[in-house]
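This report concerns only the one structure given below.
The values are calculated or read from the model by the stated rules, or taken from the named source; none is laboratory data. Predicted model only: the values in this text are computed from it and were never measured. As a convention, Cβ positions derive from the backbone with ideal geometry for all residues, glycine included, and neighbour counts pool all protein chains shown.
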């Protein structure tokens with residue numbers, strides 16, 4: 001009788017441990033999938049920027065420095081996004097991506113502010129269309145980032161709970177980092193008005 005009780009207790013512990021491990025895997029995959037949604041939107045954003053710069057080039061001939069800054073910030077953000085996509089949740093890659101996105105948003109803001117000085121550019125249909133697509137994409141990035149951060153929070157909470165933390169540490173389920181933008185001003189989608 002005692003033998004069967006022992007077997008049942010050990011079996012229950014094993015099933016519990018397997019359940020915790022599997023839940024950690026599920027939650028980790030969920031936040032990785034949430035990051036892939038950010039990746040899709042950021043890639044769309046990165047693809048729109050060269051078209052935007054090329055359209056602006058024709059009108060802003062004396063603003064090469066600003067246009068080059070946008071392209072350079074875009075390239076840094078593309079590389080940071082690739083690194084983050086390879087290891088979403090990693091504190092270093094998330095911080096690098098956040099910094100790159102903040103810099104890109106800042107350089108785009110300067111471009112948009114400068115474009116106000118060029119009435120022909122403001123009236124260009126291609127530019128207006130690109131600006132609208134970029135604003136829409138910014139909103140989608142924001143929603144995707146919120147979903148990712150929610151998934152990371154759920155994963156981190158589960159992995160930190162007792163006794164789950166022992167299993168998480170033993171099997172290298174490291175804490176995941178939220179994707180936060182460095183500057184509060186950059187947390188809002190880019191707003192453009194060609195009135």
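Name the single residue that is farthest from residue 65 (Cα to Cα) among those in the stretch 95-127 being touching a residue at least 60 places away in the same chain (Cβ under 8 Å) and out of contact with any helix residue (DSSP H, G or I) (no Cβ under 9 Å at 6 or more places or on another chain).
95
More than 27 Å from the chain's Cα centre (by Cα), exposed (fewer than 11 other Cβ atoms within 10 Å of the Cβ) and without any contact (Cβ under 8 Å) to a residue 60 or more places away in the chain - does that describe any residue in the stretch 55-63?
yes
So if I check each of 174, 150, 169, which one is under 30 Å from residue 14 (Cβ atoms), at pLDDT 90 or above and in a helix (DSSP H, G or I)?
None of the other options fit; the residue is 169.
From the list 67, 97, exactly one residue is on the phi < 0 side of the Ramachandran plot, buried (at least 17 other Cβ atoms within 10 Å of the Cβ), assigned to a helix (DSSP H, G or I) and more than 22 Å from the chain's Cα centre (by Cα). Which is it? It would help to see each step written out before you state the result.
Values: 97 fails: more than 22 Å from the chain's Cα centre (by Cα).
After ruling out the rest, the residue left standing is 67.
Considering only residues of the stretch 70-94 that are outside any loop (DSSP other than H, G, I, E, B), more than 11 Å from the chain's Cα centre (by Cα) and touching a residue at least 40 places away in the same chain (Cβ under 8 Å), which is farthest from residue 175 (Cα to Cα)?
Only one residue tops the list, namely 70.
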